[in-house]
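First comes the structure, then the notes that go with it.
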Amino acid sequence: MTPTAVIPDELSARRLLSRGQAVTGTLVIALLIGAPALHVVTGWGPGPVWYGQAAVAIVTAIYVAVIAFKLAMVFGAWGSPVLRFEPSDIDTIPREMLPLYTVLVPLHREAEVLPFLLKRLSQMDYPPEKLQILLLIEEDDDATRGALATIDLLPQFEVVIIPHSNPKTKPKACNVGLEKARGEFCVIYDAEDRPDPDQLRKSVLAFRLLADRVVCVQAELQYWNPWTNWLTRCFAAEYATNFSLSLRGLDRHRLAIPLGGTSNHFRTDALRALGGWDAYNVTEDADLGIRIARRGWDVRMMVSVTEEEANSHLGNWVRQRSRWIKGYIQTWLVHTRHPVKLWRELGTRRWIAFHLTLGFSTFTTLVNPFFWLMTLVYVFTGTQYIEALFPAVVLYLGVMTMILGNFLMMYCLMTGCMERGLHRAVRAMLTVPLYWGLMSVAAYKAFFQLLRPSRRHYWELTQHGLVDHASSHDEEPAGQPAKAPLPALTD
């Protein structure tokens, strides 16, 4: 077995900031505080109002750039040559010629959904003798291991126990699984996933047709419970827009694609060459997509759907979203430690797209509340308190961005709903600014967790099984399986 390479420390989120970033950040903060103070004391240099105007102008320009980029990706999706296979194409590669395929399934406190997961994976349209399905279970996860003890596993399933150590994250578990992977290709599925039965065969066909530099094929994700409540409607619309439109736009322009956390199919040898996943990054998928691009390799989108359970409880949603945002910030900080080197490796177009996709988009989520507050101040008090911060050009651009930009973002979400057939969710998009407000709440939770070393790499678990599986279109087994001994555990 080829040992997995080690991720260089400069590409790991184990540290929040490099020395250069810490020094630069300190100097910037000192300048922003010290320069206005110096003017107040000595009268030298621009005053605080000038700095306020400059800050508002810069942030407004970032808003315009982010919105324009998102629109370009959504509208660019229509001409994207995504990988699309008809049922007749699947038999191009005879079953006896299919390679060994490894499926990594990280599990943590998933006793509730485990029987449904095993049923779905056992029904994949792939020769069982050429499947290696690794169930990655934490050593101290007694609940999942106890549920597993009631199930008689098929031969293609193997249980891998993840030794108790920090950080306790999904990428660390996946790295342990990668060490044991024997397949030419491998994929990650989460506990609640419902992949298309023929997805593995489509992936093999895609890799056989594509150049070797394509080391990952990303399937599309969507939710099987969009109608549970308003939150799941918004969540489903967001996923529809992202996977059916935005990522296809990135694919069309060959920009770096931040991977989804599941249903990303890899050439196993290339994944090992990359060093696997960063165990300290809580959005290891997005980080890996950027590292693939920096290596000069490609990711392609494939039309094959994996269904997931949308969060229907607000607290659970905030925990999941704050983890995602925390990981986006980690990823952006990691890859900007050496910005010139990043630019040389990505090229100008990919370098700009990286900042607009991860860094600036997250930044706007953090500053949204300040602009909402200034809008309220204007509504209730007029211009007397904020007029000085908004020169005419910035004011008009900001108003246009707020009105037209919000409308266009709602339109994109509506388009995503129509693309996925979520017609009943279109009306809910009129209230989506409330959803964006919740995203800002999650963003600040993520930001403050990053400031606390004890919470910086903490993996906030997303609870699955909140919606009855039987309420979906998937037929679940009736009753409980018979008791069977726990299968042999792999150390």
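The values are calculated or read from the model by the stated rules, or taken from the named source; none is laboratory data. Everything numeric here is computed off the predicted structure, so don't read it as measured data. Glycine also receives a Cβ, built like all others from the backbone with ideal geometry; neighbour counts cover every protein chain displayed. Just so you know, the surface numbers come from the protein's heavy atoms only, side chains and all, with ligands and any DNA or RNA stripped out. Shrake-Rupley method; radii C 1.70, N 1.55, O 1.52, S 1.80 Å.
Show the residue pairs meeting these rules: Cβ distance below 8 Å; 6+ apart or different chains; first residue within region 160-188 and over 17 Å from R145 (Cα atoms) and without any contact (Cβ under 8 Å) to a residue 24 or more places away in the chain; second residue basic (K, R) and not in a strand (DSSP E or B).
Close Cβ pairs (under 8 Å, with a partner that is basic (K, R) and not in a strand (DSSP E or B)) amount to S165/K172.
If you take the residues in region 369-399 that are of a type outside the set (V, I, T) and outside any helix (DSSP H, G or I), which one is surrounded by the most Cβ atoms within 10 Å (Cβ to Cβ)? Can you show your working first?
Of region 369-399, the ones of a type outside the set (V, I, T) are 369-374, 376, 378, 380, 382, 384-385, 387-392, 395-398.
Restricting the remaining residues to those that are outside any helix (DSSP H, G or I) gives 382, 384-385, 390-391.
Details: G382: 10, Q384: 9, Y385: 12, F390: 21, P391: 13.
Step by step, filter region 369-399, then rank; the result is F390.
Which of the residues belonging to region 300-309 are closer than 23 Å to G249 by Cβ and not basic (K, R)?
Within region 300-309, the first condition is being closer than 23 Å to G249 by Cβ, and the residues that meet it are 300-308.
Residues satisfying the conditions are M301, M302, V303, S304, V305, T306, E307, E308.
Anything in region 417-461 that is under 17 Å from the mean Cα position of the chain (by Cα), in a loop (DSSP other than H, G, I, E, B) and surrounded by fewer than 20 Cβ atoms within 10 Å (Cβ to Cβ)? List them, or say none.
Of everything in region 417-461, those that are under 17 Å from the mean Cα position of the chain (by Cα), in a loop (DSSP other than H, G, I, E, B) and surrounded by fewer than 20 Cβ atoms within 10 Å (Cβ to Cβ) turn out to be Y458, W459, E460, L461.
What number goes with the only condition from (1) aromatic (F, W, Y); (2) under 21 Å from the mean Cα position of the chain (by Cα); (3) assigned to a loop (DSSP other than H, G, I, E, B) that F360 does not pass?
(3)
Check every one of the helices (runs of 4 or more DSSP H) wholly within region 139-243 and list those with 1 or more residues that are open to solvent by 50 Å² or more (accessible area, probe 1.4 Å) and at pLDDT 95 or above.
Hits in region 139-243: 170-180, 199-209, 230-241.
Starting from region 442-467, take each residue that is within 19 Å of H108 (Cβ to Cβ) and list its partners that are among the aromatic types (F, W, Y) and surrounded by 15 or more Cβ atoms within 10 Å (Cβ to Cβ), counting only C-beta distances under 7 angstrom and pairs at least six apart or across chains.
Note: pairs meeting the criteria are Q449/Y458; H457/Y280.
Residue by residue through region 417-450, note down the ones that are among the aliphatic types (A, V, I, L, M) and over 27 Å from T331 (Cα atoms).
Within region 417-450, the subset among the aliphatic types (A, V, I, L, M) is 418, 422, 425-426, 428-430, 432, 434, 438-439, 441-443, 446, 450.
Answer for region 417-450, where residues must be among the aliphatic types (A, V, I, L, M) and over 27 Å from T331 (Cα atoms): M418, L422, A425, V426, A428, M429, L430.
For M410, work out the one condition from (1) farther than 16 Å from K70 by Cα; (2) within 21 Å of the chain's Cα centre (by Cα) it doesn't fulfil.
For M410, the exception is condition (1).
I want to confirm something. Restricting to region 97-129 and keeping residues that are without any contact (Cβ under 8 Å) to a residue 60 or more places away in the chain and under 15 Å from A191 (Cα atoms), which single residue is surrounded by the fewest Cβ atoms within 10 Å (Cβ to Cβ)?
Result: S122.
Could you count how many residues in region 231-287 are at positive phi and touching a Ser or Thr at 6+ places or on another chain (Cβ under 6 Å)?
2
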